[in-house]
Amino acid sequence: MNNYTTSPSSQKPELVTIIAIMTLANGIINILWGLGVTTAVVLGTLFIGIICAPFTILPTILGIFEVIYASKLLSDPPQPIRPSQSIAILEIVAVITGNVLSLIVGILVLVFYNDSTVKRYFAEINGRVGPVEPPVGPTPVTQPEPATPKEAAPKPGRAQKAAKPKSEAAKKPAKPKQAKKPAKAKTAQPKEEKPAKPETKKKGRSTS
């Protein structure tokens, strides 16, 4: 036997109890309806209508599943169980067998499953409790913050324009200066000394 603990916030809503009671009552009716129709067809046709038994017995099978599901919803403490929309759809389809009450129950159960309290109850008993949604109110209007003025970049003046070519010239590598060739030293040629002419003695008159 499984032991399930419930929290104070997971009390069974009234709509869940209504769903369980309607499903249980409709399940019992479907069981009796399927058995009655099958018996009437088989005996009324002298067992020739037994061929139709697999079709006429379907409400009975659906009724068994309805009783099992309703007993889980009515259990105390509640067992982890999910809303069975498939059973509600089959209850609507069962109208083809002549059970109009099953059609009404199926439509009501599908409507009750969409209720917010029912959805929250199934989420709690299955251990999937989500955050509580706060009530929707008027959203406060937030004023936009004033934009800070951007600092204007200083416009280039004459001094900056004059500095640009200098900086560009500084970026270009200076060409190496070629060394000047040394000037050829002039060699002083020695002057040829002319031989001194021998002095000629002047013939003077000799004095006696």
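The values are calculated or read from the model by the stated rules, or taken from the named source; none is laboratory data. What you see is a predicted model, and the numbers here were worked out from it, not measured in a lab. No Cβ is skipped: glycine too gets one built from the backbone with ideal geometry, and neighbour counts run over all protein chains shown.
If you go through the range 16-74 and keep only what is aromatic (F, W, Y) and under 23 Å from N114 (Cα atoms), you end up with F65, Y69. Residue under question is S7, and the condition is that it be surrounded by fewer than 18 Cβ atoms within 10 Å (Cβ to Cβ), at pLDDT 90 or above and closer than 23 Å to F122 by Cβ; does it hold? Considered against the rule, which asks whether it is surrounded by fewer than 18 Cβ atoms within 10 Å (Cβ to Cβ), at pLDDT 90 or above and closer than 23 Å to F122 by Cβ, S7 comes out as no. Considering the range 4-92, the qualifying helices (runs of 4 or more DSSP H), each wholly inside and each with 3 or more residues that are touching a residue at least 12 places away in the same chain (Cβ under 8 Å) and of a type in the set (A, V, I, L, M), run over 14-44, 58-74.
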